Every structure is written in C-alpha cells, then in structure tokens.
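The values are calculated or read from the model by the stated rules, or taken from the named source; none is laboratory data. Given the structure is predicted, the values throughout are model-derived calculations rather than measurements. Here Cβ is always computed from backbone atoms with ideal geometry, including for glycine, and neighbour counts include all displayed protein chains. These accessible areas exclude ligands, DNA and RNA; they are computed on the full protein's heavy atoms, side chains included. Shrake-Rupley method; radii C 1.70, N 1.55, O 1.52, S 1.80 Å.
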Amino acid sequence: MTIIGLDDTDSRERGMCTTYLAARVAEAVVDRGGRIHDRLLVRL
C-alpha cells in the first residue's frame, strides 16, 4: 500500500490550497494507471 501525504500548501499569493493540490495529485495517479482506494482529508 502506498500512502501520499501533503503538508499545508495554502498560499494567498499563488491561489493554491492543499485540498486542490491533493485532488490534482490523485487525478495524476489515476491518469498514469494507478488506483485510488480511499481519499481522506485529515486536518490536525
């Protein structure tokens, strides 16, 4: 099992948020033939 974790990437200057980046990474994995079993957003 592979787990990908992203730290806080929120940026007011670049318009990026962690949730958006995570969705894009998941899409890229699937586009390249990978499978996503679960998508979890965990806030600490």
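Within the set of pairs 6+ apart or on separate chains, which have a first residue in the stretch 3-17 that is closer than 20 Å to Val29 by Cα, a second that is among the small types (Gly, Ala, Ser) and open to solvent by less than 70 Å² (accessible area, probe 1.4 Å), and C-beta atoms under 7 Å apart? From residues that are closer than 20 Å to Val29 by Cα, the pairs are Leu6/Ala22.
Gly5 meets the conditions (1) under 11 Å from the mean Cα position of the chain (by Cα); (2) not in a loop (DSSP other than H, G, I, E, B) in every case but one. The failed one is (2).
Do we find a residue being part of a loop (DSSP other than H, G, I, E, B) and open to solvent by less than 100 Å² (accessible area, probe 1.4 Å) anywhere in the stretch 20-30? Within the stretch 20-30 (the criterion being part of a loop (DSSP other than H, G, I, E, B) and open to solvent by less than 100 Å² (accessible area, probe 1.4 Å)), the answer is no, since none of the residues qualifies.
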